[in-house]
Every structure is written in C-alpha cells, then in structure tokens.
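The values are calculated or read from the model by the stated rules, or taken from the named source; none is laboratory data. All figures in this text were calculated on a predicted structure; none of them were measured in a lab. Neighbour counts are summed over all protein chains in view; Cβ atoms, including those assigned to glycine, are modelled from backbone coordinates with ideal geometry. Each accessible area value is taken on the protein alone, full model and side chains, heavy atoms only, with ligands, DNA and RNA left out. Shrake-Rupley method; radii C 1.70, N 1.55, O 1.52, S 1.80 Å.
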Amino acid sequence: MKSVAAFLVSALLAGAVQAATANPDAAQIKAAHDLLAAMQAEKMMRMTAGMSKYASPEQRKQVMDKVINLQPEFVYNKLATPVAKLLSTETSLEMTRFYQSSYGKKVLHDTYNSGAQLYPSAPKPTAAEQAELKKPAYLKADQEFKANEQAIHHETFVLLKEVINGK
C-alpha cells in the first residue's frame with residue numbers, strides 16, 4: 001500500500017514539475033535526445049514494460065513484442081520533449097558525457113544487464129574515473145538528474161501506455 005501511495009505522490013510531483021517549467025527550446029530537446037541515446041532509453045522502456053503487471057501472460061507477450069520492435073530513435077524522439085522539460089540543457093549535456101564515458105557505460109551495462117539484486121551496487125570506478133566523478137559540473141548534473149529520475153521513469157511509463165494503446 002505504501003508503494004502505491006509513493007508512486008501516486010511521485011506521479012503528482014512529476015506532473016507538478018512539468019507544469020512549472022516552460023516549453024523547452026530546440027537546444028534543450030536536442031540535448032535531452034542525445035542524453036536518451038547515451039542512456040540507451042529503449043532498454044529503459046523494455047525494463048518498464050517487463051516490470052509492469054499484466055492481466056495474462058498473453059497480454060504480457062503482446063506488449064513485450066511491441067516494445068522490442070520499437071526503433072530506438074522513436075523512443076528518443078518521443079521522450080526528448082518531456083525529459084527536456086525536467087532537465088536543464090547543462091545537465092543533459094553533462095549526463096550525456098557521463099554515459100558516453102567508460103565508467104558510464106559500465107553503469108549502464110550493470111543497470112540493464114544485471115540480475116535482480118537485493119542491494120544494487122555500482123561498479124568500482126578507477127582513479128581517473130573517480131576524479132571525473134568529483135568535478136563540480138558532474139556533481140551538479142548528477143544531483144539534478146537524480147532528483148528527476150523518477151519523473152523520467154514516469155514519462156517512460158506514459159510512453160509505454162501510448163505504445164500499448166496504439167497512439
């Protein structure tokens with residue numbers, strides 16, 4: 001029951017955050033698009049579909065077939081505007097740089113390819129990677145990204161519902 005309440009609160013907060021921000025410009029949308037590509041957002045979409053509940057195994061299979069057949073560019077384009085409303089251009093650019101780094105790729109690999117874990121852990125960064133993670137620009141971007149991460153996942157869920165309903 002608590003998780004349902006937490007989800008509803010986070011969904012309401014995500015809507016409030018979106019309503020509070022102005023329409024993003026082309027540069028913000030492009031930065032968000034590039035971030036989604038670097039994050040491999042199509043895999044996030046598959047995870048969202050996989051974690052969702054379905055009325056039957058057949059319905060689950062139908063949804064997963066639709067999601068697996070989505071072109072990555074479709075996911076990036078559809079999510080770019082909502083994500084651009086959530087994140088600043090600077091954050092999108094910095095997080096894109098992070099996810100394109102060797103350490104960011106390890107984090108993504110662990111996120112999308114690891115099995116279920118009771119206590120998920122990030123891979124150990126090398127000394128050079130640790131230095132990059134301590135830069136003020138990254139720290140600021142990471143903080144903003146983490147503050148909006150649930151809202152980004154919510155937007156992924158909204159897109160999933162659109163795909164399921166054939167919109």
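Ala128 to Gln62: FRET efficiency via 1/(1 + (r/R0)^6), r the Cβ-Cβ distance, R0 45 Å, to the nearest 0.05?
Details: r = 46 Å, r/R0 = 1.02.
After rounding, the FRET efficiency stands at 0.45.
Placing +1 on the Cβ of every Lys and Arg and -1 on the Cβ of every Asp and Glu, with no other charges, gives segment 18-97 a dipole of roughly 340 debye about its Cα centre.
In a shell of Cβ-Cβ distance under 11 Å around Met95, excluding Met95 itself, what net charge do Lys and Arg (+1) and Asp and Glu (-1) give? Please report the intermediate quantities before stating the final value.
On the way: positive: Arg97, Lys140, Lys146; negative: Asp34, Glu90, Glu94, Asp142, Glu144, Glu149.
Every neighbour counted, the sum reads -3.
Taking all protein chains as they are arranged and a probe of 1.4 Å, the heavy atoms of His109 leave approximately 110 Å² accessible to solvent.
About the centre of its Cα atoms, segment 18-167 shows a dipole size close to 320 debye [charges on the beta carbon of Lys, Arg (+1) and Asp, Glu (-1) only; nearest 20 debye]. The overall shape of segment 92-162, judged from the alpha-carbon gyration tensor, is oblate: a/c is not under 1.5, and a/b is no greater than b/c. Surface listing: Lys134, Lys78, Lys105 arranged by accessible area from highest to lowest gives Lys134, Lys105, Lys78, probe 1.4 Å.
Derived scalar couplings between HN and Hα for segment 30-46 equal 5, 4, 5, 4, 5, 4, 4, 5, 5, 7, 6, 4, 4, 6, 5, 5, 5 Hz in order, rounded to whole Hz, by the Karplus curve 6.51 cos²θ - 1.76 cosθ + 1.60 (θ = phi - 60°), x for Gly and Pro. The distance between label points at Lys30 and Gln143 comes to 2.9 nm (points 7 Å beyond Cα on the Cα→Cβ vector). Taking the accessible area of segment 78-154, probe 1.4 Å, and keeping the other protein chains in place, the carbon and sulfur fraction comes to 56%.
Remark: accessible surface ordering of Leu160, Leu93 (largest first) is Leu93, Leu160, probe radius 1.4 Å.
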